[in-house]
Amino acid sequence: GKLQLKEQTINIPDLLNECLHLFASQTKAKNITTNIQLAKEVPAEVIGDQTRLLQIFSNLISNAVKFTPKDGKIDIDVWMVSLSDLTSGMQKIAFQVSDTGKGMTGQEIEQLFIPYYQCNSQIDRDHGGTGLGLSIVEKLVSLMGGTISVQSKVGVGTTFVFCGLFKNKPVPQSLPRNESGEILPTVC
């Protein structure tokens, strides 16, 4: 069947912390430092598909943890690409996951989003996995109206950047009240 996105409230900081928490035992075992940086204009809550966003992050962070050596670092950055479009009520948010892992060659990057592709057969033996993760991530990002890109340097690390469209969380309209808390009539 066709993947459908759900509309639910997503608390971005909570979702990122929850995702990092899923990998806490691995990051602790390898003494990997994790850091989340949200630009101040990013709303704490938006409307989107929380499960799919968590799936994307879980996959990217899982790979970052797998390929980052002991005492490495994983950073997550979030910023606004475009502020809310008043007609559609949509805003584009960018998410970046960077690591200080082993990095990839240009040839490996070209193959990255192909289903079942793994940079080399040693990866399957050393790290497990099916090689399906990033092709699924690319489909989910596309479903969210966004794109994903990767930059990598062998021996330095890898950075994935993806963006998605999210609806604004409606701000409850407060009704005018007098000093005793009674709702005032709106005449205009």
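The values are calculated or read from the model by the stated rules, or taken from the named source; none is laboratory data. From a predicted model like this one, the values you see are computed outputs, not experimental measurements. Ideal geometry is used to build each Cβ from the backbone, glycine not excepted, and the neighbour counts take in all protein chains shown. For the accessible areas, the whole protein counts, side chains as well, though only heavy atoms, and no ligand, DNA or RNA atoms are used. Shrake-Rupley method; radii C 1.70, N 1.55, O 1.52, S 1.80 Å.
Across segment 1-57, Cα-Cα pairs more than 15 Å apart make up 57 percent of the total.
Please give, to one decimal in nm, the separation of the simple spin-label points placed at Gln8 and Lys28, each 7 Å out from Cα toward the Cβ. Once both label points are built, they end up 2.7 nm from each other. Taken one residue at a time, the phi angles of segment 141-151 give Karplus couplings (6.51, -1.76, 1.60, θ = phi - 60°) of 4, 4, 4, 7, x, x, 9, 10, 9, 9, 10 Hz. Gly and Pro are set to x. The alpha-carbon of Lys40 sits under 19 angstrom from the alpha-carbons of these aspartates and glutamates, leaving out residues fewer than 8 places away in its chain: Asp14, Asp75, Asp77, Asp85.
Seen from all directions on average, segment 30-113 presents a Cα convex hull projection of 7.0 nm². Considering only alpha-carbon pairs that sit under 8 angstrom and 6 or more positions apart, the relative contact order computed for segment 1-85 is 44 percent. To put it simply, the accessible area of segment 21-108 at a 1.4 Å probe is 53 percent carbon and sulfur. Of the trypsin sites (Lys or Arg not before Pro) in segment 6-94, the ones in a loop by DSSP (not H, G, I, E or B) with at most 12 other beta carbons within 10 Å are Lys6, Lys40, Lys70. Coupling constants for segment 61-70 follow from the phi torsions by the Karplus curve (6.51 cos²θ - 1.76 cosθ + 1.60, θ = phi - 60°), and in residue order they are 6, 4, 5, 4, 5, 4, 9, 9, x, 3 Hz; glycine and proline get x.
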